[in-house]
1. Need a quick list: helices (runs of 4 or more DSSP H) entirely within the stretch 1-96 having at least 3 residues that are in contact with a helix residue (DSSP H, G or I) (Cβ under 7 Å, 6 or more places away or on another chain) and over 25 Å from V139 (Cα atoms).
2. Suppose the filter is within 16 Å of the ligand (Cβ to nearest atom), outside any strand (DSSP E or B) and charged (D, E, K, R); does E243 pass it?
3. Give S69, S60, S54 a once-over and let me know the one that is among the hydroxyl-bearing types (S, T, Y) and either without any contact (Cβ under 8 Å) to a residue 24 or more places away in the chain or assigned by TED's automatic domain parsing to the domain that holds R114 (or both).
4. Of all residues in the stretch 27-47, count the ones that are among the β-branched types (V, I, T) and touching a residue at least 60 places away in the same chain (Cβ under 8 Å).
5. When the stretch 239-252 is examined, which residues are found to be exposed (fewer than 14 other Cβ atoms within 10 Å of the Cβ) and not aliphatic (A, V, I, L, M)?
6. Do we find a residue being in the same structural domain as V274 (by TED's automatic domain parsing), within 9 Å of the ligand (Cβ to nearest atom), in a loop (DSSP other than H, G, I, E, B) and in contact (Cβ under 8 Å) with a residue 12 or more places away in the chain anywhere in the stretch 108-128?
7. Can you pull out the helices (runs of 4 or more DSSP H) entirely within the stretch 134-214 that have at least 2 residues that are surrounded by 20 or more Cβ atoms within 10 Å (Cβ to Cβ), more than 20 Å from the chain's Cα centre (by Cα) and within 15 Å of the ligand (Cβ to nearest atom)?
8. Among L199, L120, L171, which is the only one that is modelled with pLDDT of 95 or more and under 27 Å from G70 (Cβ atoms)?
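The values are calculated or read from the model by the stated rules, or taken from the named source; none is laboratory data. It should be emphasised that the depicted structure is a prediction, and the values quoted were computed from it without experimental measurement. Every residue, glycine as well, gets a Cβ built from its backbone with ideal geometry; the counts of neighbours run over all protein chains shown.
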Amino acid sequence: MSKFLKKLLKGVLADEELSKVYSSFDMIGDIAIIKIPDSLLTKKNIIGEVILQSIKNLKSVFLQRSSVSGEYRLRGLEVIAGDEKYVTYYREYGCKFLVNVATSYFSPRLSTERLRISNLVSPGEIVVNMFAGVGTFSVIMAKKHQIKVYNIDSNLDAYILSIINSKINRLKDRVFSIHGDSQEVLRSNSFKDRIDRVLLPLPERAHEFVDISINCLKPSGGHLHFFSHIKSDTKSQVVPTSEAYIRNLFSKYNFEIKHTQIVRDVAPRIYQTVTDLFIFK
Ligand SMILES: C[S@@+](CC[C@H](N)C(=O)[O-])C[C@H]1O[C@@H](n2cnc3c(N)ncnc32)[C@H](O)[C@@H]1O
């Protein structure tokens, strides 16, 4: 994607300006979201128009004005070409998702991770997705396996979209959505000791939910997929640093780390990682 963007803008921007263009952008259905450095903001509309004209079926190009933030993990967006339209359909691994890029979190960059985790699931499992967003992880795993998944999200818009996404993928009898704070929802006894697998895809705050996620795992134990943000000067140290963090965080529990990997870079020297753990109760 990096070379693609520079190639598109060659002849439109001077060589010095081209060298400042960020390496990639997100394509979500017929919407493109790009970041532009401050020094090129005066060129934002030309850049947007070139992208709009060059990609077939693209309807809107948004400038990402602020990084993902707040409880709902939203980013500030400004339309720079095409329609000011925030809702689109996004397709992944044979599933279809209705997404609103302004009111709910969604990232196409987690696609490989969604497939990886869905490949670890076994038929018959009961899964909780504690920070489900529009329900992408849940739909992809329930499409592959005969399982039950409970989505939880505190953002009303994400919750509504997750219900729609369960319905349009014909998974109404496998994927269920609950609106609320995961801590509160899981505290209710209906989840205690009933769950095989819990996803915690909220790297900024997952550490606050360790006890409650383990509380709902079956007495025979269960799997956690725990997302973290790890600071590291070198890429080679990210996995060892992440596993040391996990060992400390889970020290009062009996557990085995099955796997840790980098999901993506989120800022200079900050990486998102995921660790798969099995908890013995
Ligand atoms: C990083 S997004 C993950 C979205 C989803 N897993 C995906 O891959 O698209 C985190 C989600 O957690 C939700 N969230 C944040 N705090 C929460 C809480 N305490 N309880 C439930 N959901 C929460 C946000 O609204 C957001 O949709």
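1. Numbers: elements: 2-9, 15-18, 44-54.
It comes to 2-9, 44-54.
2. On the way: within 16 Å of the ligand (Cβ to nearest atom): no; outside any strand (DSSP E or B): yes; charged (D, E, K, R): yes.
Taking the combined requirement at face value, the residue does not satisfy it.
3. Details: S60 fails: either without any contact (Cβ under 8 Å) to a residue 24 or more places away in the chain or assigned by TED's automatic domain parsing to the domain that holds R114 (or both); S54 fails: either without any contact (Cβ under 8 Å) to a residue 24 or more places away in the chain or assigned by TED's automatic domain parsing to the domain that holds R114 (or both).
Testing whether each residue is among the hydroxyl-bearing types (S, T, Y) and either without any contact (Cβ under 8 Å) to a residue 24 or more places away in the chain or assigned by TED's automatic domain parsing to the domain that holds R114 (or both) leaves just S69.
4. Here is the first cut: in the stretch 27-47, the residues among the β-branched types (V, I, T) are 28, 31, 33-34, 36, 42, 46-47.
After this cut, where a residue has to be touching a residue at least 60 places away in the same chain (Cβ under 8 Å) as well, the list is 28, 31, 33.
Residues meeting the conditions: 3.
5. Quick first cut of the stretch 239-252, residues exposed (fewer than 14 other Cβ atoms within 10 Å of the Cβ) only: 240, 244, 247-248, 251-252.
Correct list: P240, R247, N248, S251, K252.
6. Taking every residue of the stretch 108-128 in turn, none turns out to be in the same structural domain as V274 (by TED's automatic domain parsing), within 9 Å of the ligand (Cβ to nearest atom), in a loop (DSSP other than H, G, I, E, B) and in contact (Cβ under 8 Å) with a residue 12 or more places away in the chain.
7. Values: elements: 136-144, 156-168, 182-187.
Ranges flagged: 182-187.
8. On the way: L120 fails: under 27 Å from G70 (Cβ atoms); L171 fails: under 27 Å from G70 (Cβ atoms).
Testing whether each residue is modelled with pLDDT of 95 or more and under 27 Å from G70 (Cβ atoms) leaves just L199.
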